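Below is a structure I'd like to ask you about.
The values are calculated or read from the model by the stated rules, or taken from the named source; none is laboratory data. Worth saying up front: this structure is predicted, and the values here are computed from it rather than measured. Cβ coordinates were reconstructed from backbone atoms using ideal geometry, including for glycine residues, and neighbour counts include every protein chain displayed. What goes into the accessible areas is simple: the full protein's heavy atoms, side chains included, and nothing from ligands, DNA or RNA. Shrake-Rupley method; radii C 1.70, N 1.55, O 1.52, S 1.80 Å.
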Amino acid sequence: MRGHDWINTCLPDELILEILRRLDSKSSHDACSLVCKRWLGLERLSRSTLRIGASGSPDIFIKFLAQRFVNVKAVHIDERLSISLPVTAGKRRRRDENSLLSLKIHFAGERNEPKEEECEPFCLTDSGLTAVADGFTKLEKLSLIWCSNVTSFGVMSLAQKCSLLKSLDLQGCYVGDQGLAVVGQCCKQLEDLNLRFCESLTDSGLVTLATECGKSLKSLGVAACARITDKSLEAVGSHCKNLETLSLDSEFISNKGILAIAQGCPLLKVLKLQCINVTDRALMAVGASCLSLEMLALYSFQQFTDEGLRSIGKGCKKLKNLTLSDCNFLGDRGLEAIATGCTELTHLEVNGCHNIGTIGLESVGKSCPYVCLLLLSSATNFLRGQESRLWSVARRLTELALLYCQRVGNFALTEVGRGCKYLQALHLVDCSSIGDEAICSIAKGCRNLKKLHIRRCYEVGSKGIVAVGENCHSLTDLSLRFCDSHFSTRVRDEALIAVGHGCPLKYLNVSGCNQIGDAGIVAVARGCPNLTYLDVSVLQNLRDIALTELGEGCPLLKDIVLSHCHQITDIGLSHLVKNCQMLESCHMVYCPSITAAGVATVVSSCPNIKKVLVEKWKVSPRTKRRASSVLSYLCVDL
């Protein structure tokens with residue numbers, strides 16, 4: 001029968017709930033909740049995760065959310081995020097004592113012009129944390145990021161009421177030993193704990209927690225905790241036998257602590273260390289005892305040598321991911337040992353290790369056939385003419401990043417184009433010897449390329465990018481930032497015209513490419529209807545006609561950066577937002593032709609807008625009243 005509601009008639013609540021649980025995006029959940037009252041209620045029951053900002057009186061906001069979403073198992077509260085509230089002064093709304101507006105979260109009351117000081121953000125407190133514990137009785141995962149007003153009393157209340165808690169992130173919270181001890185006593189299922197930047201903690205709290213719930217703990221992160229020493233790690237090694245992930249960043253940890261972890265946690269799979277007082281002795285213990293290790297990251301070690309890496313290569317046969325950053329005493333021999341012993345290696349990052357060169361990386365290419373990601377940063381020990389030996393053996397590469405590699409030239413990337421046909425992502429930053437010849441080779445040989453990011457590579461110009469547009473028909477992510485030094489190699493409109501015709505772009509950043517104008521952006525607007533992100537900042541030749549075409553051709557656009565575009569006016573903005581109803585963020589600082597009227601147009605025309613970055617003096621009092629939660633201001637008033 002025409003118009004009959006077969007879904008609501010035939011499907012029981014349980015089946016609709018199961019369908020709603022399988023939705024993978026918040027926007028899909030929101031859309032389903034608007035179908036009818038029944039779906040609204042079922043959608044609320046299906047929500048298992050909430051992400052909110054700790055500002056605008058979050059204590060009250062959390063109580064409100066707990067009443068609506070009773071099956072939530074994961075709550076993420078981030079002090080750095082703001083809550084976007086649908087508050088519009090001057091409009092008549094239906095009075096509902098249970099509605100969000102009745103909470104008066106912004107304390108605006110009935111006045112039309114609230115004073116600026118009354119709208120200052122408020123932080124999550126112990127009271128709010130108690131509301132979390134009382135309202136979300138099924139809570140299993142809680143993240144409190146930089147909630148500086150939360151203390152041990154709030155954490156104690158939470159732990160006592162949320163015994164099912166499995167994951168707790170306290171990054172940047174001033175939680176003391178007493179709170180952590182109660183977590184250990186009450187949350188016997190705790191598996192994941194992050195204590196980064198918890199400056200008030202001492203060994204006492206962590207030792208108690210390890211003793212009380214060490215059997216369940218699988219992941220631990222500690223950073224910038226000056227009073228956490230080897231004593232804590234000894235307790236972790238003694239009681240946390242199932243620990244799989246450990247991240248340490250501390251000047252107060254020595255070999256003694258790492259030895260305790262290596263000997264007491266044989267199931268360790270992920271180890272990230274930035275401890276300047278740790279030496280080869282600790283690394284040897286890891287190689288001898290942690291035979292299940294799959295990921296190792298070493299940062300800023302001045303006391304590690306090839307001897308330590310040889311121990312890892314000898315014992316950690318399952319190693320798949322290795323990061324070496326600013327380890328100046330590691331060389332080719334250590335990397336050769338890794339290549340020989342860890343043949344399952346798939347990801348390798350070498351950053352600022354000046355003694356590692358072509359020979360060590362070549363051994364990885366020969367002995368590790370599954371390497372798919374290679375990141376080289378500040379590689380100064382390359383021997384010219386030998387790069388081809390590396391690229392010819394690393395044929396399975398899917399992602400390559402060269403950062404600040406001044407000695408890697410066109411010939412090396414030409415060999416990549418010839419030998420690495422599976423390459424899907426290429427990142428080039430400050431590689432002054434790489435130019436159009438290399439990019440043309442990549443484009444012709446790596447036709448599966450999906451992501452190309454180039455920044456400050458001044459020899460790359462239109463010729464190379466035209467070749468990309470003509471050959472890489474799977475490219476969805478293109479970033480060309482400040483590739484605009486030499487007049488003869490500048491990226492111009494013809495480059496984007498080729499890309500617009502040949503690549504289904506979703507992400508485009510051409511910030512600082514001053515020779516790109518209307519023609520290039522118009523071609524992208526007409527050829528890339530799925531574009532969601534666009535950064536055209538510092539394009540001095542861009543005019544309103546480009547924004548008009550973007551509005552007509554890119555209805556899915558969510559984020560746009562227009563800063564420093566001097567010829568863009570309010571007229572262009574109005575044409576853009578007319579059809580780009582999904583726009584969520586718009587940056588438009590230092591645009592002298594955009595006025596308060598243009599800002600008001602963006603705010604009023606985009607129902608999904610979450611952030612508008614603009615000079616404070618361009619915002620009218622009316623716009624400020626209507627959309628204060630989405631407005632962000634330039635730090636320096638002009």
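Run through the range 143-226 and list the GluC sites (Glu not before Pro) located in a DSSP loop whose Cβ has at most 15 other Cβ atoms within 10 Å.
The qualifying sites are GLU199.
Quick one: if you stick a label point 7 Å off each Cα along the C-beta vector at LYS610 and LEU34, how many nm between them?
Here the answer is 1.7 nm between the modelled labels.
Using the crude model of +1 on Lys and Arg Cβ and -1 on Asp and Glu Cβ, and no other charge, please compute the dipole size for the chain relative to its Cα centre, in debye to 20.
The dipole magnitude comes to about 1380 debye.
Cα centroids of the range 392-456 and the range 576-603: how far apart, whole angstrom?
Computed from Cα coordinates, the inter-centre distance equals 37 Å.
Per-residue accessible area for ASP249 at 1.4 Å probe radius, Å² rounded to 10?
60 Å²
While we're looking at this one, here's another question. Which whole-number percent is the relative contact order of the range 517-638 (Cα, under 8 Å, 6+ apart)?
20 percent
A further question follows. Place a point 7 Å from Cα of LYS256 in the direction of its Cβ. Which residues in the range 200-238 have their backbone N less than 12 Å from it?
229-235
Here's a follow-up. Which value at 222 nm does the chain reach when only helices count, each DSSP H run of 4 or more adding -39,500 (n - 2.57), with the total divided by all residues and rounded to the nearest 500 deg cm²/dmol?
-11000 deg cm²/dmol
Show me 268-281, 170-183 ranked by packing, highest mean number of other Cβ atoms within 10 Å first.
Packing order, densest peptide first, comes out as 170-183, 268-281.
Nearest 0.05, what FRET efficiency do GLN581 and LEU23 give at R0 = 22 Å with Cβ-Cβ as r?
E(calc), rounded to 0.05, equals 0.60.
Moving on to the next point. If you roll a 1.4 Å probe over the heavy atoms of the protein chains, what accessible area per residue do you get for the chain, in Å²?
That works out to 44 Å² per residue.
Out of these labelled values of semi-axes √(5λ) of the Cα gyration tensor in Å, (i) 57, 45, 18; (ii) 42, 40, 23; (iii) 70, 25, 20, which was calculated from the coordinates shown here?
(ii)
Ignoring any ligand, DNA or RNA, what whole percent of the accessible area of the range 8-82 comes from carbon and sulfur when the probe is 1.4 angstrom?
That fraction is 56 percent.
OK, next. Using Cα-Cα distances under 8 Å and only pairs 6 or more residues apart, what relative contact order does the chain have, in percent?
Relative contact order, the chain: 5 percent.
To continue, here is another question. Taking 0.36 nm per residue of separation and subtracting the Cα-Cα distance, what length does fully extending ALA224 through ARG447 add?
75.8 nm
Sequence neighbours fewer than 8 away in the same chain don't count; with that in mind, list the lysines whose C-alpha is under 20 Å from LYS241.
Cross-link targets: LYS166, LYS188, LYS215, LYS218, LYS231, LYS256, LYS269, LYS272, LYS318.
Of ILE497, ILE356, which has the most accessible area with a 1.4 Å probe, and how do the rest follow in descending order?
My answer, sorted largest first, is ILE497, ILE356.
Extending each Cα 7 Å along its Cβ direction at SER163 and LYS421, get the distance between those two points in nm, one decimal.
6.1 nm
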